[in-house]
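Input: a single structure, listed below in structure tokens.
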Amino acid sequence: MPATIISTRKALRQWHLYLFVVPSLLLIGTFCYYPAISAIIHSFFDWQGSDQMQFLGLDNFKRALTDPILRQSFGTMCILVVANFFKMVPAILLAVVIHRLISDKWQYWYRVLLIVPMVVPGLVSLFIWKFFFDPNLGIINNAFDLLHIKHMLVWLDVNWFHSGTFRMDAPISWLSEPRLIIPSLIFWGFPWVGAVSVFIFLAGLQGIGTEVYEAAELDGASPFQKFTHIELPLIMTQVRLNVILMMIGALQDYGLQFMLLGGNGGAGMKGMVPGLWMFNRAFLAGEFGYACSIGIILFFLILLMTYINNKYIRVDK
Amino acid sequence: MNREKILNTVGFTLLGLCFLSALYSVIFRSVRDADPNLITIRFAHWQLEGGLRGTFDDLARQYEKICADRGQKVRVEQVTIPESVFGNWVLTQLVGGTAPQIIELGSMHIDRKARFFESLSGYVNEPNPYNAGTPLAGLPWRNTFVDGMLSTYDKDLLDYYSVPLSLFTVRLFYNKPLYEKIFGQDAPPPKDYRDFVRVCLAIQQYGQEHGLGIVPVAGSKYNEGQLTGRIAGSQTQKLNDRLNRKRTASVDGNELYVSYLREQWGPRSPEIISSLRLTQSFYQFFQPGFQQVDRDSGTLYFIQSRCVFICTGSWDNTSFRIQAPFEIGVCDLPLPTKDDPEYGQYMKGPFPELSRTVGMGFGIVRGTPHTDMALDFLKFLTSYRGSEYFTKHSGWLPAIMNVPVDDQLKPFEPHMDGYPNGFGLALPASNNQAVLMDNTAYLLQKYPDSPEAFLEAYEQLDAFSAITNDLKLWLAAARRSIVRADTLLAANRALARGGSGIDSSAGRKFYELLEQQIQTEADAYSYEMEMTQIWKERVKP
Amino acid sequence: MSDNSIHAVAALQAVGSKRGSDWPKHLVIWLILALQLLPLYMMFQISFKDNTEFLTNPWFPLLPWHWHFDNFVYGVKLIGPYIGNTVFIATVSASCTIFLATLAAYFFARYKMPLSNVLWSIFLVLMLLPAIANIVPLFMLLKSMNLLNTLQALIVIGMAGGQVFNTFILRNFIEDLPKDLFEAAEIDGASHFQQIINIVVPMSAPIIGTLFILSFLGQWNDFMMPLIILRDRELFTLGVGLVYLNGEYVKQWGQIMSAFMVASIPLIIIFLFCMKLFVRGLAAGAVKG
């Protein structure tokens, strides 16, 4: 449906049409734009949350650039972002396999099962996972002992890495051994099949008709070849979309780290991510001005990501 | 399709019903809160240990009743926040202006204390009206506390900001049946460090012989700190004396900063190395991986009889007794003796507990409504009768003099004699140096045979700048509080001059404040000078 | 049935291979799903145990006649009061968000007025503005509006945050609706509101349902904002309640897990009834997204 064009003259008579957007505009003006502008302004000040502020110029940003903790937190975040690429694999696999099922009924019920974890509050699954990581009571160590994975890890550590991270006489301390914090954060939520991402992939796959598969089968294509030649190309757009969504998520999210590791990002601050550091400076140290400047830096990074995102997605469409 | 429609309708109807009931409770609540005559007093703390919350609730009800008898409609609400989020909760509430009237202070930064909390020196010399008719009647409020409120006096701000409610001591708890099973009926608990080591080794051996998975001590990051932090302090007792220029009972934080910067002591001082070694010597007795687990997992370990000892404070006493299915014994911390071949040389002897044990200080937030009422409630809590009820029902020690204590609390009563305890490498009230310690402390546990790995990692970091920054933060805060006090001084002076005279309360207050101000200024000035000097010396060669 | 829901249901039709058996695929799916559902299974079975039973037998459920239903008494006591607040916030916030977004989307989809491009870019730019940079000033703003420690604050923030995404999606949808419908309605003298209610809402019901569910879930799961904004226990949402529950010193895992169960039950019940709507809504949403 093309939009009805209304000229300036006519618009004066039909001004009440603008009322349809006014509430939304007011809301985003007050609660999105105003704070954003305020954040930009305050990032140039030493601001402790009171009415008094001291102008600092670019000092907050200079401090941020030399802040070793902020630098380390960006490193951590990059690792988490890269890990997200691999974390998509189970979701793609699951989507492809569900898509290839013959039975409609099963397809439907698997979707239902996928949504079930989604209706459980995020914090509940977060705390259950925190409990899984508990060194003494947790399930992960329990399972690793049962399946002798721990023996393997200790053996690898003793013979290859010599880091002393894994020891036979001690339970694996997932969240307090600095070397294991990042792997734990990556492992968190295994097998990483969120309903939304699987559904996005499934939506991409639905364009493939039965005849394409039949043709492929006549050519004697193996299941894996079918994947690389038919399915993967078709969902590349969705994969990209997912990557960007995940990256932006990784840049913004700090609730997970805050709840799993506390406001200081765990031992050696290894789990510190930029968002958490911002939160920490603002609401633990009271350095609101500095926190704003970290926020601004994050904003520009996300802007860059979104730009890249738009560029790629546009090309595909 | 039809069936689906029905199901959908049912689902959304359920949601609608939920919503309606929620709406009802929200509206009902706002109607109830709208009563203009009702004064609500809130007090916030992080003590989620068993037994305490109920007692506080009882006391709050009693206070409400007293107020009702006076014709005031008061509601007292207890706000409990877990320790893990307490720090940011308090800051958010203070900055946001929604803070409750009464907040437990803990180790709050002086800057924040001065900015947000009411100074109490004006009130502490008056008697507590709720003590009328008790042995403490007529005594100035300050003198009804066991330590005369010394421990809540802020040496930097020269003022009182909180009222303590309880007394804390740290003890070794042990599983009595298990202990007696290993060492025989009525075996005495370990009396010093060597004895403790012997006992622990015996427990380990017993565990192996009987194929039991028991370890001597339940550990967690929290419980470990309680034990080793105090015991390791014994190694710096003599150093403590040497660094003490002001001749106070124990060196204050700034003195430690400056002497560290002057390289009068450091991570390689023999005393510090010895304290690190002593700390590490305990690690073999905890369960493996203890550094990682939370306080509650450590507790669980103890409750489940998987270990014999746990070290924690009197605040856990009630929780433990509620949870543990066995009798709990309590004994003193296993300190080394002065003639200990390895750890005796830097020690002076056992330390008195009073100076650091009066705790759970509640402060009053400035600018909140009904602060007078909040203060009155604190007076009620710290009255003889309030304190008596408090200790009897919570199982916590009272901070008020002469209040009778239960027999089971007797082992927790503080020791009064001894020599000041020392300090550790983690400096008190530090912001920047604490981060360095946080980053490296795990190495002590990872290589428990020697502190070398930790020391090397620590020395890689720039402790000098970190501590300078800590000192600078303190100086900045001191300067801010000087400016703030100037306003108060001017106001009181104007009041005193404007007719009421020097002998009036404003006049007295003026001279008190003036004296404090001079002291703060002198302190700030001397540290500032010293810091510049140190920096010059550093830069020159 | 509308055009779009036909579209959505089509997404569910199998187009896989017709040759060979399905059981290896089922195996793969069950393996992944089992791992994915493991946390829920653990939550469910531990919630019926006390600490001793849990320690001796962490993996397998107890026989039903050994179940500790008293855990749930604790669970309801600990978490129950917060559910009401959360339902209130999530429902109000999600409905208002969708309502306002529909209005705005209707405007943008149907008319091209002077300034409407500028206004649209105001929306679009916001898609780039991450909420994270705002949190500190937003807090100060709420303070000066006296909204701290109120449920309204959470509702309003949720509404503001949801405007852009929802308007964006709804505009795309409304643009795809046939123009004749609107024209016919206008000839009949229908006002804009009548057009929205009689044409837009029924025609885009699935997408509105999906967006409602997503907004609702977003509010239901949020915990950072409530943690910063709320002070009084009686105002707490589920998120804050769970954080506080996790901070208790005395951990009885059975009770904690039962509290988690209680926190999950309301949505699970609604989900059981509206399962098809969820699935179809999400599938349709994914097609568009």
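The values are calculated or read from the model by the stated rules, or taken from the named source; none is laboratory data. Note that the structure is predicted; figures quoted are calculated from it, not measured. For neighbour counting, all protein chains shown are included, and Cβ atoms are generated from backbone atoms with ideal geometry for every residue, glycine included.
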Exception for residue A:93 within (1) more than 14 Å from chain B (Cβ to nearest Cβ); (2) of a type in the set (A, V, I, L, M, F, W, C); (3) crowded, with 21+ Cβ neighbours inside 10 Å falls at (3)
Requiring at least 2 residues that are more than 25 Å from residue C:228 (Cα to Cα), the helices (runs of 4 or more DSSP H) wholly within segment A:231-317 are A:232-252, A:288-316
When residue B:481 is run through (1) under 27 Å from residue A:267 (Cβ atoms); (2) within 14 Å of another protein chain (Cβ to nearest Cβ), the failure sits at (1)
All conditions in (1) at pLDDT below 85; (2) crowded, with 18+ Cβ neighbours inside 10 Å; (3) more than 8 Å from chain A (Cβ to nearest Cβ) are true of residue C:14 except (3)
So for segment B:279-297 (the condition being aliphatic (A, V, I, L, M), surrounded by 21 or more Cβ atoms within 10 Å (Cβ to Cβ) and assigned to a helix (DSSP H, G or I)), does at least one residue qualify?
no
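Quick grid of which residues meet (1) surrounded by fewer than 16 Cβ atoms within 10 Å (Cβ to Cβ); (2) closer than 14 Å to residue B:232 by Cβ; (3) in contact with a Phe, Trp or Tyr (Cβ under 9 Å, 6 or more places away or on another chain); (4) of a type in the set (D, E, K, R):
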site	(1), (2), (3), (4)
B:432	no, no, no, no
B:437	no, yes, yes, no
B:442	no, no, yes, no
B:449	yes, no, no, yes
B:452	yes, no, no, yes
B:458	no, no, no, no
B:466	no, no, no, no
Residue hits (segment A:185-195; in a helix (DSSP H, G or I) and touching a residue at least 60 places away in the same chain (Cβ under 8 Å)) are A:185, A:186, A:195
Notebook entry, point to check: Does residue B:481 fit the bill of being touching a Lys or Arg at 6+ places or on another chain (Cβ under 9 Å), among the polar types (S, T, N, Q) and part of a helix (DSSP H, G or I)?
Noted result: yes
Segment A:1-80: helices (runs of 4 or more DSSP H) wholly inside it with 2 or more residues that are basic (Lys, Arg) and over 17 Å from residue C:141 (Cα atoms) are A:8-13, A:59-66
### Query
Looking at this structure, is residue B:66 at pLDDT 85 or above and surrounded by fewer than 16 Cβ atoms within 10 Å (Cβ to Cβ)?
yes
The correct count of residues that are among the aromatic types (Phe, Trp, Tyr), in contact with a Ser or Thr (Cβ under 7 Å, 6 or more places away or on another chain) and within 24 Å of residue B:97 (Cβ to Cβ) in segment C:139-182 is 0
Next on the checklist: Whether any residue in segment C:81-103 is over 30 Å from residue C:258 (Cβ atoms), over 20 Å from the mean Cα position of the chain (by Cα) and either among the charged types (D, E, K, R) or more than 14 Å from chain B (Cβ to nearest Cβ) (or both) is what I want to check.
Outcome noted: yes
If I filter segment B:176-189 for residues that are touching a residue at least 40 places away in the same chain (Cβ under 8 Å) and in a loop (DSSP other than H, G, I, E, B), do I get at least one hit? yes
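Table: residues versus (1) among the basic types (Lys, Arg); (2) away from every other protein chain (no Cβ under 14 Å); (3) touching a Lys or Arg at 6+ places or on another chain (Cβ under 9 Å).
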{"position": "B:301", "(1), (2), (3)": "no, no, no"}
{"position": "B:306", "(1), (2), (3)": "yes, no, no"}
{"position": "B:309", "(1), (2), (3)": "no, yes, no"}
{"position": "B:315", "(1), (2), (3)": "no, no, no"}
{"position": "B:326", "(1), (2), (3)": "no, no, yes"}
{"position": "B:331", "(1), (2), (3)": "no, yes, yes"}
{"position": "B:335", "(1), (2), (3)": "no, yes, yes"}
{"position": "B:338", "(1), (2), (3)": "yes, yes, yes"}
{"position": "B:349", "(1), (2), (3)": "no, yes, yes"}
Taking the criterion of being among the β-branched types (Val, Ile, Thr) and either within 14 Å of another protein chain (Cβ to nearest Cβ) or assigned to a helix (DSSP H, G or I) (or both), would at least one residue in segment B:112-132 satisfy it? no
Filtering segment B:25-46 for residues that are at the interface with another protein chain (Cβ under 9 Å from one of its Cβ atoms) and either outside any helix (DSSP H, G or I) or farther than 30 Å from residue B:70 by Cβ (or both) leaves a count of 5
Exactly one of A:87, A:62 is away from chain C (no Cβ under 14 Å) and out of contact with any helix residue (DSSP H, G or I) (no Cβ under 6 Å at 6 or more places or on another chain), and that one is A:62
Any residue that is crowded, with 17+ Cβ neighbours inside 10 Å and either within 33 Å of the chain's Cα centre (by Cα) or in contact (Cβ under 8 Å) with a residue 12 or more places away in the chain (or both) - is there at least one of those in segment A:6-22? yes
Of (1) among the β-branched types (Val, Ile, Thr); (2) surrounded by 21 or more Cβ atoms within 10 Å (Cβ to Cβ); (3) at pLDDT below 80, residue A:306 satisfies every one except (2)
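Table: residues versus (1) in contact with a helix residue (DSSP H, G or I) (Cβ under 6 Å, 6 or more places away or on another chain); (2) in contact (Cβ under 8 Å) with a residue 12 or more places away in the chain; (3) over 30 Å from residue B:95 (Cβ atoms).
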{"position": "B:300", "(1), (2), (3)": "no, no, yes"}
{"position": "B:324", "(1), (2), (3)": "yes, yes, yes"}
{"position": "B:330", "(1), (2), (3)": "yes, yes, yes"}
{"position": "B:346", "(1), (2), (3)": "yes, yes, yes"}
{"position": "B:352", "(1), (2), (3)": "no, yes, yes"}
{"position": "B:386", "(1), (2), (3)": "yes, yes, yes"}
If you go through C:145, C:113, C:140, the only one that is farther than 30 Å from residue A:299 by Cα and without any contact (Cβ under 8 Å) to a residue 24 or more places away in the chain is C:113
Per the filter on segment C:166-188, residues within 21 Å of residue C:126 (Cα to Cα), more than 9 Å from every other protein chain (Cβ to nearest Cβ) and of a type outside the set (Phe, Trp, Tyr) are C:166, C:169, C:170, C:171, C:172
Looking for something surrounded by 18 or more Cβ atoms within 10 Å (Cβ to Cβ) and acidic (Asp, Glu) - is there at least one such residue anywhere in segment A:272-290? yes
Restricting attention to segment C:239-270, the residues that are of a type in the set (A, V, I, L, M), within 13 Å of residue C:76 (Cβ to Cβ) and within 22 Å of the chain's Cα centre (by Cα) number exactly 5
Would it be correct to say that residue A:130 is within 14 Å of chain B (Cβ to nearest Cβ), surrounded by fewer than 22 Cβ atoms within 10 Å (Cβ to Cβ) and touching a residue at least 40 places away in the same chain (Cβ under 8 Å)? yes
Scanning segment B:176-235 residue by residue, the ones that are surrounded by 18 or more Cβ atoms within 10 Å (Cβ to Cβ) and either in contact with a His (Cβ under 6 Å, 6 or more places away or on another chain) or of a type in the set (S, T, N, Q) (or both) total 6
For segment B:133-173, the count of residues that are in a loop (DSSP other than H, G, I, E, B) and among the hydrophobic types (A, V, I, L, M, F, W, C) equals 8
